[in-house]
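First up is the structure itself, then whatever we jot down about it.
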Amino acid sequence: MKKHLILMTILSSLFGFGQNKFEKIKKYIIKSTYDIESSDKLEILDLIKPAIGIKTESKIDNEIGIGMSKIGGNPDLPKGFEWPKFENEYLTFCAQYNLSELSKYDLQNKLPENGIIYVFVYIDKNYPGFMNKKSSYRLIYLENKENIERTEFPKEYFLEGKFKPAQIKYFEYYTLPDDENHKIKKYGLKYDDFDYFYETVTEFIDNLTNQETDNFHQILGEDRSIQSSVVFDFATKKMEIKTIEDYESKKVEIEKISKNYRILLQLDCNDRNSDLSKFGGNAVMYFGIEPENLEKKKIENVIMAFQGT
């Protein structure tokens, strides 16, 4: 019992800025009448991770200040920036995230306090759609944003690959691990009504933080996957799994490697305020990172996966 009281005290003070919202989540879970042991409720509380929520607003590029967070439009880059390529063809600019705008929501201090993260992805014009191969995407971290300017796309780039701009606003959010993630899967096996408990807790968090259920934008936290937990996709990409037979024969290794990844950011192509859907459909881009790279702020070392319905 003493151990549980200590844990509750730690949880109460863990997240600082977000303490009030987390206190409400904690109270909701502890006082819930579901037939789940108190010790398991406390363990589940410990699995809830603060995330950085993202909402967007459609704007023209001139209404968005230089260096501010946004999807689409023209990127804000240093003069002389070398635009990334895949097989000698340019990637397209998808989004930029100003870390100083979101730092107060980074409750566990996982990201640098300043700088910009850029997302570039190659468009396969024959498909047509975003390509997910080695070197067909780049996350670029720019630490010094003092000498950036609104930059035109390369002259050779095709106009359809430029997206309309949407400004990004951040908010406080919390996430549970995906229900198929190894961190929480055991509770589904232990309790018959755990799925309902999981859904109601998730719904409570979304209502508390004003998260829209069809908005899959996010930074950090636990992945909100459309299909099974996207960490399995990161593992299959890492292992270069090509066939179903290969996947089935290496399930144990895939699950082991999946535990090495966490979500860095999610970019929702189906956002109604942007038109990434031109080449991404209703899919979400997921960028995963290994904890040691995140800890060392090597946030360009990511692996990408897509999920959609």
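Bear in mind these aren't lab numbers, they're just calculated from the coordinates by the rules spelled out. This structure is a prediction, so every number in the text was calculated from the model and none was measured. All Cβ positions, glycine included, derive from the backbone under ideal geometry; neighbour counts span all protein chains shown.
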(request) Name the residue farthest towards the positive end of the dipole of segment 10-152 from the options Thr56, Asn20, Asn132, assuming +1 on Cβ of Lys and Arg, -1 on Cβ of Asp and Glu, about the Cα centre. (result) Asn20
(request) Within the chain, what's the longest run with no trypsin sites (Lys or Arg not before Pro) in a DSSP loop and at most 10 other beta-carbon atoms within 10 Å? Give the range, please. (result) 156-241
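Please tell me which of these pairs span more than 29 angstrom C-alpha to C-alpha: Lys24/Lys186; Lys162/Lys259; Lys104/Lys183; Lys169/Lys190? Kindly include the intermediate steps, with their values, before the conclusion.
On the way: Lys24/Lys186 25 Å; Lys162/Lys259 36 Å; Lys104/Lys183 27 Å; Lys169/Lys190 39 Å.
Going by Cα-Cα distance, Lys162/Lys259; Lys169/Lys190 fall outside the 29 Å limit.
Taking N as the number of residues in the chain, what value does Rg over Cα atoms divided by 2.2 N^0.38 Å take? Write down the numbers at each step before the final one.
Working: Rg = 20.1 Å, N = 309, 2.2 N^0.38 = 19.4 Å.
My calculation over the Cα atoms of the chain gives 1.04.
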(request) In debye, nearest 20, what is the charge dipole magnitude of segment 231-306 about its Cα centre with +1 on Lys and Arg Cβ and -1 on Asp and Glu Cβ, if you could check? (result) 180
(request) Please report, in debye to the nearest 20, how large the charge dipole of the chain is about its Cα centre when each Lys and Arg carries +1 at its beta carbon and each Asp and Glu carries -1 there. (result) 620
(request) Among Ser228, Thr202, Phe171, flag the residue with its Cα farthest along the positive direction of the charge dipole of segment 171-243, charges on Cβ as +1 for Lys/Arg and -1 for Asp/Glu. (result) Ser228
